[in-house]
Structure formats: structure tokens, C-alpha cells
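Structure, as C-alpha cells:
The values are calculated or read from the model by the stated rules, or taken from the named source; none is laboratory data. What you see is a predicted model; the values in this text were computed from it and never measured. Positions of Cβ are generated from backbone atoms using ideal geometry, with glycine treated the same way; all protein chains shown enter the neighbour counts.
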Amino acid sequence: MVRTGDIGHFDRNGFLYIDGRRQEIIVTASGHKVHPELLEAILNDCPAIERAAVVLSVDGETLTAAIVVRRQAQGEHQEPVRAAIARANALAPSGIRIADHVVLAQPFSMDNGMLARNLKLDRRAVRRVIVPDADSARP
């Protein structure tokens with residue numbers, strides 16, 4: 001057995017689906033476990049969104065999405081972004097929802113600290129940028 005840190009499930013036909021990575025799981029204050037990659041994939045399907053990241057809100061229960069809007073969608077992104085969040089919430093596990101979102105002025109990058117050297121999201125850094133008082137809230 002190879003331990004990759006990937007978490008997945010088999011459907012009733014025996015097909016394997018990768019849900020996310022163990023180290024990316026968000027645990028809410030009430031103990032709900034969320035794979036943010038699933039919600040991010042739904043958000044990233046929106047033509048107005050360049051890239052999205054989902055982090056725990058300061059209340060410890062809901063989620064906040066950090067969204068980078070495509071240049072072509074600047075000024076026309078509000079409704080498509082709201083619709084994408086509604087789709088993500090409709091498909092989210094029970095008790096989990098994206099309650100808020102922040103449109104970032106700049107993309108995720110190593111320069112602003114929101115991407116690690118391997119170009120993966122640094123969720124803690126994203127959370128510090130978009131969630132007020134994140135340092136005083138639970139991780």
C-alpha cells in the first residue's frame with residue numbers, strides 16, 4: 001500500500017474518485033470535515049473565476065472563498081460568482097456552506113505568500129489575507 005495522503009471513495013460501480021488530500025481537510029468548530037478541493041473545483045468551473053480557494057471563516061463554522069476574477073470578467077463578475085457559490089453550497093455536505101467571499105485584487109502568487117514554492121495554495125496565508133482576525137481565531 002502506498003500512502004499518498006489522498007482521500008477518495010468508490011462509487012457503486014467500483015470507480016475510484018479522489019476527494020482531496022488529508023492535509024487539506026478543514027474541520028469546523030462543530031466537527032464537520034470538509035474537503036475544500038471539491039468546493040473549489042465547482043467554483044473554478046465558473047467562467048468568471050480564474051482561481052478560488054476556500055478557507056474556514058472566523059466563526060469556525062462557515063467557509064469563506066477567496067476568488068481571483070478573470071481579467072475579461074472584471075466588473076461583470078458579481079452574478080456569476082454568486083451563482084457559482086450557490087452551486088457549491090447546493091453540492092456541499094450537510095451543515096457546510098460558503099457564507100462569504102472576497103474578490104482578491106491580485107492573483108495567488110509566491111510573491112504575496114499565498115502560493116508555496118511548489119505552487120500549491122498556502123491556505124493559512126490565504127486565510128490570514130481574507131479573514132479578519134484570523135490570527136486570533138481557531139486555525
Item to complete: Using the structure shown, decide if E79 is among the acidic types (D, E), at pLDDT 90 or above and over 11 Å from the mean Cα position of the chain (by Cα).
Response: yes
Worksheet item: Within the range 103-134, which residues are of a type in the set (G, A, S) and either in contact with an Asp or Glu (Cβ under 9 Å, 6 or more places away or on another chain) or surrounded by fewer than 19 Cβ atoms within 10 Å (Cβ to Cβ) (or both)?
Response: A105, S109, G113, A116, A125
Discussion item. Anything in the range 1-32 that is exposed (fewer than 12 other Cβ atoms within 10 Å of the Cβ), assigned to a strand (DSSP E or B), of a type outside the set (S, T, Y) and modelled with pLDDT of 70 or more? List them, or say none.
Written reply: F10, L16
Worksheet item: Somewhere in the range 54-72, is a residue among the polar types (S, T, N, Q), under 18 Å from R127 (Cα atoms) and part of a strand (DSSP E or B)?
Response: yes
Fill in: Single unsatisfied condition, A88 versus (1) touching a helix residue (DSSP H, G or I) at 6+ places or on another chain (Cβ under 6 Å); (2) in a strand (DSSP E or B)
(2)
Response to the item:
Of the residues in the range 75-93 that are of a type in the set (G, A, S) and touching a residue at least 12 places away in the same chain (Cβ under 8 Å), the one that is surrounded by the fewest Cβ atoms within 10 Å (Cβ to Cβ) is A83
Worksheet item: From the set of residues in the range 95-124 that are assigned to a loop (DSSP other than H, G, I, E, B) and in contact (Cβ under 8 Å) with a residue 60 or more places away in the chain, which is farthest from A48 (Cα to Cα)?
Response: G95
